[in-house]
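Inspection log for the structure reproduced underneath, given as structure tokens.
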């Protein structure tokens, strides 16, 4: 299955968010090294997971808005089916 759209959207605007998430992860590692209270660590893990999920949703939205839309506007039934199948697989992996 081809996994490309004609022109890839840029995801560079997500880099600052990913850098902040990296900082959150480093903070969680320090909390563990310091033997911090379990619920505090879990709260920070949950926040990092939510931040990752938000980045994931932004990239999915961009994919739908650009790559999938492009396939449908092109009128190519094979490309359309490929994008629908691709979205189905992505949805199955979302938890």
Cα point-scatterer Debye curve for the range 15-64, base-10 log of I(q)/I(0) at q = 0.14, 0.16, 0.18 Å⁻¹: -0.40, -0.49, -0.58
Highest GNM mean-square fluctuation among 18, 60, 42, for the chain with Cα springs under 10 Å, belongs to 42
Relative contact order, percent, of the chain when contacts are C-alpha pairs under 8 Å separated by at least 6 residues? 39
Return the whole-Å distance between the Cα centroid of the range 60-81 and the Cα centroid of the range 13-48. 36
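Read-outs throughout are calculated quantities, based only on the coordinates presented, and are distinct from any laboratory measurement. Not measured: the values here are computed from a predicted model.
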